[in-house]
Amino acid sequence: MNAETVRSVRLEQVDVVTSTLDVARENILSGRVAFNQLGQARYDGVLAYGQSHGRGQHGRMWYSLPGESLLSAYYFRRGLTDPQHAHQIGILAGVAVATGLRSYLLRLAECAEDAERFAALGLVSRIGLKWPNDLLLGRRKLGGLLTEMVLAPDGEWVALIGVGINVHARCLPGDLARTATSLSREEVTSVNIRHLAEQIVIALHEEAGRRRVEGFEGVLDRWRELDRTYGLRFHATVDGAEVEATAVGVDEQGGLQLRLKDGSCLTARAASSLREAVG
């Protein structure tokens with residue numbers, strides 16, 4: 001990646017909004033953001049200073065004080081962009097966000113002071129993904145993704161990829177202090193949120209290009225390298241009964257494969273159908 005590539009990224013920067021996904025959806029539906037014949041749009045996404053009603057998994061609120069987090073939504077129309085392939089797009093987006101963050105930290109380390117350089121380099125290998133949409137740093141949640149599909153006025157689908165990453169937060173409330181973290185809490189304090197958001201745009205396009213050449217199996221190979229879900233135990237409901245199962249991978253459609261105690265397998269398509277086993 002060179003400086004010219006970074007300058008080509010176009011993000012609409014907004015102040016405090018309800019949700020970047022809300023803004024992105026309205027931009028598509030109103031025609032304010034549209035794609036030309038080359039698949040290019042006026043903006044690559046929306047970057048907000050703050051959100052009043054950010055959304056996470058299971059409809060939970062995304063906690064963030066203004067200026068502390070990367071809060072963005074990206075427009076994605078790069079093949080297989082329709083509801084049928086939404087799970088695959090979510091997997092691709094997770095790989096892109098994780099690799100984009102890794103690339104950014106490596107670039108940051110090149111010009112950081114000694115302490116922060118070592119901290120940034122130390123984080124790279126700890127970045128991982130938990131199905132379906134958690135960005136992890138070690139065992140703690142650093143961020144998350146949420147993919148929504150919207151039918152544009154031209155009759156074609158656009159994927160909206162919402163991304164939230166804890167960047168500058170030092171204090172997290174309640175249980176979040178135990179289960180989540182931020183880059184600042186890991187002693188990486190000089191992150192430029194806009195530059196990180198730009199790096200994620202570049203990673204999304206690079207990952208889409210690789211998928212076009214290698215197929216979705218190539219995306220899955222990269223997901224497996226980042227996977228922190230493998231081996232976790234979950235409670236799932238099968239035929240009205242709750243069973244315990246162990247995660248053993250992601251299938252070609254982006255669903256989570258689970259192995260039951262009797263050796264049989266099932267596939268989860270939505271996180272709402274699962275509950276992680278504790279202990």
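The values are calculated or read from the model by the stated rules, or taken from the named source; none is laboratory data. Everything numeric in this text was worked out from a predicted model, so none of it was measured. Note that we place each Cβ from the backbone using ideal geometry, even for glycine, and neighbour counts take in every protein chain shown.
Before moving on, here are some points about what is shown:
- Residue list for the range 112-127, restricted to those being part of a helix (DSSP H, G or I), surrounded by fewer than 17 Cβ atoms within 10 Å (Cβ to Cβ) and touching a Leu at 6+ places or on another chain (Cβ under 7 Å): Val124
- Only listed residue being of a type in the set (A, V, I, L, M), modelled with pLDDT of 95 or more, over 17 Å from Thr179 (Cα atoms) and buried (at least 24 other Cβ atoms within 10 Å of the Cβ), chosen from Val150, Val163: Val163
- Flag if Gly94 is among the small types (Gly, Ala, Ser) and closer than 30 Å to Asp154 by Cα: yes
- The residues listed here are Leu29, Leu65; of these, the one that is of a type outside the set (Ser, Thr, Tyr), under 21 Å from the mean Cα position of the chain (by Cα) and at pLDDT 80 or above is Leu65.
- Qualifying positions in the range 173-199 - surrounded by fewer than 18 Cβ atoms within 10 Å (Cβ to Cβ), part of a loop (DSSP other than H, G, I, E, B) and under 20 Å from the mean Cα position of the chain (by Cα): Asn192
- Between Phe216, Phe234, the distinction of being more than 19 Å from the chain's Cα centre (by Cα) and among the aromatic types (Phe, Trp, Tyr) belongs to Phe234 only.
- Flag not set for Ala120, criterion: under 17 Å from Ile161 (Cβ atoms) and touching a residue at least 24 places away in the same chain (Cβ under 8 Å).
- Residues that are modelled with pLDDT under 95 and among the hydroxyl-bearing types (Ser, Thr, Tyr), drawn from the range 73-106: Thr81
- Residue count for the range 86-124, restricted to those that are closer than 24 Å to Arg212 by Cβ and more than 16 Å from the chain's Cα centre (by Cα): 0
- Output for the range 221-279, where each listed residue is among the hydrophobic types (A, V, I, L, M, F, W, C), loosely packed, with under 13 Cβ neighbours inside 10 Å and within 28 Å of Thr99 (Cβ to Cβ): Ala270
To keep it simple, each residue is scored yes or no on (1) in the same structural domain as Ala96 (by TED's automatic domain parsing); (2) over 20 Å from Leu135 (Cα atoms); (3) in contact with a Leu (Cβ under 9 Å, 6 or more places away or on another chain); (4) not in a strand (DSSP E or B).
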{"site": "Gly218", "(1), (2), (3), (4)": "yes, no, no, yes"}
{"site": "Glu242", "(1), (2), (3), (4)": "no, yes, no, no"}
{"site": "Ala245", "(1), (2), (3), (4)": "no, yes, yes, no"}
{"site": "Thr267", "(1), (2), (3), (4)": "no, yes, yes, no"}
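- Taking (1) in a helix (DSSP H, G or I); (2) at pLDDT 95 or above; (3) under 16 Å from Ala24 (Cβ atoms) in turn, Ala109 satisfies each apart from (3).
- Matching option when the condition is basic (Lys, Arg), in the same structural domain as Gly90 (by TED's automatic domain parsing) and within 30 Å of His85 (Cα to Cα), among Arg185, Arg139: Arg139
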